[in-house]
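Nothing in this text is a laboratory measurement; each read-out follows from the coordinates by a stated rule. For clarity, every value in this text was computed on a predicted model and none was experimentally measured. No Cβ is skipped: glycine too gets one built from the backbone with ideal geometry, and neighbour counts run over all protein chains shown.
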Amino acid sequence: MSRLILTLFFVIPINLLAQKKLEFIGERIDFAVNSDRFTVNGIYYFSNKSEHEIRQTILFPFSKNTDSIVVKRVYNLTYSENLSFQELNNAVAFKVLVLPKDTVKVNIAYSQKTVKENIYILESTQTWGQALKRADYSLTFDTSVQIDSLSLKPDSLSNNVCFWNKQDFYPNENFKVWIK
């Protein structure tokens, strides 16, 4: 009897809540750095495994105040629509709609002035409570800058492009590009 009560009052509601949760499952980001700008052009994958549509506000963090960031676009690639966003102190907030049993791809592109330590926030992945199923990154740099070091060791390098391909990626540090 106590198992039945436990199931009715705790397990079933928890499962129902978990089924309606939006998941951040992956990202594909192209970084570029030159003497003027550190540019980020990313595709972010959000999945709804529930039977109900989910409309959720996403807080996308920056390492710097938004007054030093130029946001080029926040665009829902899956539904072909611009997403309005609000600039906050160190982030942008936007709403995404994900239909039942669907995955949405959102493109976010922005740039900031190149400095000695250029940072892309990866640690925020931890707030989603699960590893990214897949994370692919590239960093293109031109001859106007010299890379001093990177916080993540590249998986490969071709000409002036570094590549990272991660599975079940749960980063515990941010992506950093140090310039000489």
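Worth pointing out:
- The chain: relative contact order in percent, alpha carbon pairs under 8 Å with at least 6 residues between: 25
- Report summary: the helix-based calculation at 222 nm, which adds -39500 (n - 2.57) for every DSSP H run with n ≥ 4 and divides by the residues of the chain, gives -1500 deg cm²/dmol.
- Counting only Cα atoms, segment 23-179 measures 50, 33, 26 Å along its principal axes, largest extent leading.
- Taking GluC sites (Glu not before Pro) in DSSP loop states with no more than 11 other Cβ atoms inside 10 Å as exposed sites, the chain has its longest site-free stretch at 52-172.
- Magnitude of the charge dipole, segment 23-179, Cβ model with Lys/Arg +1 and Asp/Glu -1, debye to 20: 120
- On the beta carbon distance between D67 and L157, with R0 = 22 Å, the FRET formula returns roughly 0.05.
- Taking the three principal axes of the alpha carbon atoms in segment 106-180, the coordinate ranges are 39, 25, 23 Å, sorted in descending order.
- Cleavage-rule hits (trypsin sites (Lys or Arg not before Pro)) in segment 90-153: DSSP loop, at most 16 neighbouring Cβ within 10 angstrom: K101, K116
- Extension gain, S144-W128: 0.36 nm per intervening residue step, less the Cα-Cα distance, totals 2.1 nm.
- For segment 23-179, lysine pairs separated by 8 or more sequence positions, or belonging to different chains, with Cα-Cα distances below 20 Å total 23.
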